[in-house]
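Below is one structure; the comments refer to it alone.
The values are calculated or read from the model by the stated rules, or taken from the named source; none is laboratory data. A quick note: this is a predicted structure, and the numbers were derived from the prediction, not measured. Neighbour counts run over all protein chains shown; Cβ positions are idealised from the backbone, glycine included. Areas reflect the complete protein model, heavy atoms only, side chains present, ligands, DNA and RNA absent. Shrake-Rupley method; radii C 1.70, N 1.55, O 1.52, S 1.80 Å.
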Amino acid sequence: MREKKLGLPSVIAVGVGLIVATSCLMSLGQGAGGLGISFIIAMVIACAVNIMTALSMSELNALMPNLTGGLAQYTLACMGPFAAIISMVGGYLVCNTICGSVECAMFGNTMNSVFHTGLPSNVFCVILLVILIIANLNGVDMFAKIQNVVVYGLIISLVLLGLLGIFGWGTGTQVAQPLTLTMDFGKIFSYVGLAFFLFLGCEFIIPISRDVKNPRRNVPMGMILSLGIVCVMEILVVLGMHNYTPWEALASDNSPHILYGSSLLGNAGVVWMAIVSIFAVVSTVNSVISSLSYICAGMAKINLLPAVFQRRNKKGAPYVGILTIGGVMIIINATGLSTTSQLSFLILIGSVFWMVAYIISNINVLILRHRLPKAPRTFKVPGGPVLPLIGAAGNVFMIANIDSDPQTKLQIYMICGAIFIVLGIYSVLWIKKVMKLKLFKPLPVHQVMAMENDAYRAAHRRAEMNGW
């Protein structure tokens, strides 16, 4: 039976679904509360930098197509196994498992605060995770069906809520306040790190590229359209907030998006924004479980993770990764670890690792252009090395501006440094004892691509058993 392929709308749903999370809605409100509509400038800068990274990812995918490990395999071919493990285990697996758990916790809190169920919040978290694990075990088609419904419901809702506020069509009382709180570009730049979090994740399209119709066109287009759509609808919401919600109230509220819904439409707005939050968490966690499981399978193919992650069920789903990632998220939520006061701080730490992964992606493009200048590419970032260099520099700039408070920034750097040391020790031991490779010696592109094939892995196992 021929597997169904995902069209462009489903590809966009994957990209938007990972980008727009409940934590993003809170960051959006807090950024607007701190700067007024000047926050839009920070948003546009962050979106532009992420588009450059998406273009670099698209070129890497065009040169090395259908690799389920994505950045892990590109980096293995460019910088060697050490950088590949650091960027993927830190920048994706750990970071997204934590962030996904935070999103689940916010879902449980929203259910209780809006609908007053009386049940513990983590009960809703666990139920949601079990449902999404079962859905993903039923293959990419079921994943896409869920994603399409919740993401396009999310897009339509946020656009409508923004337009209602912009044109003054809400039932609440409008407020008179300045459009901008500052035009000091130093302060605006200090918010770019926060704005960066609003546009993370479109590259999660890459691991499912083999399940996409016409991936050469739909993968880069899907990533860029995802970022553009998110930027437009978030700008609309910020403009709507100006007319109905005092900036200082947005800045100080723990759920500024719910506050906006209440100010705009009263109780109906609270319920509507709660539904938007539920759409956001379902789409995000659905994308995290699916995409990370494919990434784990791809990393296992090149021996960066244990081979067990390659196993698939009858539906073609990488079930070991799905059960592992979903199971860890269930443990985090069931034990209440995801409700501690430090989780917003942990998200910023995860963002730093994500930025490091994006810097590596842009550098990978430059390395492969130097090493394989004549290799055929169905997509190439225009402008020579300019955009990849700007993309890498932009991410360095955002790491430098990850938080406006110097003390908080120092704490983030110290914790990230400690995590890098731990990951570095793990990487050295794994590469030396299991992979038996040199830390910084890249593998040839053709070898990395061959590792995706089952025949290569079977031959490699036979060679090891025979001592070749």
- Message: Any residue at all in segment 61-84 that's open to solvent by less than 10 Å² (accessible area, probe 1.4 Å) and under 29 Å from Asn254 (Cα atoms)?
- Response: no
- Note on the structure: Being within 30 Å of Met88 (Cα to Cα), in contact (Cβ under 8 Å) with a residue 12 or more places away in the chain and polar (S, T, N, Q) narrows Ser252, Ser283 down to just Ser283
- Query: Quick check, is Arg210 of a type in the set (Lys, Arg), touching a Phe, Trp or Tyr at 6+ places or on another chain (Cβ under 7 Å), in a helix (DSSP H, G or I) and surrounded by fewer than 20 Cβ atoms within 10 Å (Cβ to Cβ)?
  - Reply: no
- Message: So, in segment 415-437, how many residues would count as being touching a helix residue (DSSP H, G or I) at 6+ places or on another chain (Cβ under 6 Å), open to solvent by 50 Å² or more (accessible area, probe 1.4 Å) and not in a loop (DSSP other than H, G, I, E, B)?
- Response: 1
- Query: Is segment 29-37 home to any residue that is in contact with a Lys or Arg (Cβ under 9 Å, 6 or more places away or on another chain), open to solvent by less than 10 Å² (accessible area, probe 1.4 Å) and in contact (Cβ under 8 Å) with a residue 60 or more places away in the chain?
  - Reply: yes
- If you take the residues of segment 391-412 that are modelled with pLDDT of 90 or more and farther than 21 Å from Ile359 by Cα, which of them is most open to solvent (accessible area, probe 1.4 Å)? Gln407
- Message: Given the criteria at pLDDT below 95, assigned to a helix (DSSP H, G or I) and open to solvent by less than 30 Å² (accessible area, probe 1.4 Å), does Val352 qualify?
- Response: yes
- Task: Would you check if Asn243 is part of a loop (DSSP other than H, G, I, E, B) and touching a residue at least 12 places away in the same chain (Cβ under 8 Å)?
- Result: no
- Query: Quick check, is Ala357 within 30 Å of Glu59 (Cα to Cα), in contact with a Ser or Thr (Cβ under 7 Å, 6 or more places away or on another chain) and of a type outside the set (Val, Ile, Thr)?
  - Reply: yes
